[in-house]
Amino acid sequence: MLVKVYGSAVFGVEATTITVEVNVDTGIAYHLVGLPDSAVKESSFRIAAALKNVGFHLPGKKITINMAPADLRKEGSAYDLTFAMGIL
């Protein structure tokens, strides 16, 4: 199952649209691609905790999250909501 969700990133005074593609498949893994920094890579823990506190849980499957465009460095925790919406 492939889902596309759109978010935005702020670079200086300009905003850029970030396309987040989430694929949930058979298996068990969590892959994050598209030039994320360490805060973005840690989003899986924040998303799992937030979903658990509202009664949902991460599916026990392989989740691949692609953030495009890949040439822009993604920083911070601003993408957590976008990732959670794509997973749900």
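Selection of segment 20-57 for residues being aliphatic (A, V, I, L, M) and either under 12 Å from the mean Cα position of the chain (by Cα) or farther than 14 Å from LEU81 by Cα (or both) yields VAL20, VAL22, VAL24, ILE28, ALA29, LEU32, VAL33, LEU35, ALA39, VAL40, ILE47, ALA48. Name the pairs whose Cβ atoms lie under 7 Å apart, with the first residue in segment 2-27 and over 11 Å from ILE65 (Cβ atoms), the second not in a strand (DSSP E or B), and 6 or more positions between them or separate chains? From residues that are over 11 Å from ILE65 (Cβ atoms), the pairs are GLY7/TYR79; GLY7/THR82; ALA9/LEU72; THR16/LEU72; ASP25/LYS61; THR26/LYS61; GLY27/LYS61. Criterion applied to ASP37, ASP80, ASP71 was being more than 17 Å from VAL22 (Cα to Cα), touching a residue at least 12 places away in the same chain (Cβ under 8 Å), open to solvent by less than 40 Å² (accessible area, probe 1.4 Å) and not polar (S, T, N, Q), and the one residue passing it is ASP37.
Entry remark, segment 4-26: residues being open to solvent by less than 40 Å² (accessible area, probe 1.4 Å) and at pLDDT 90 or above number 7 in total.
Consider segment 40-68 and keep the residues that are farther than 19 Å from THR16 by Cα, touching a residue at least 40 places away in the same chain (Cβ under 8 Å) and touching a strand residue (DSSP E or B) at 6+ places or on another chain (Cβ under 7 Å). The one that is most open to solvent (accessible area, probe 1.4 Å) is THR64.
The values are calculated or read from the model by the stated rules, or taken from the named source; none is laboratory data. Remember, predicted model here, so these are calculated numbers, not experimental data. Please note: Cβ atoms are built from the backbone with ideal geometry, for glycine as well, and neighbour counts cover all protein chains shown. Ligands, DNA and RNA are excluded from the accessible area calculation, which covers all protein heavy atoms including side chains. Shrake-Rupley method; radii C 1.70, N 1.55, O 1.52, S 1.80 Å.
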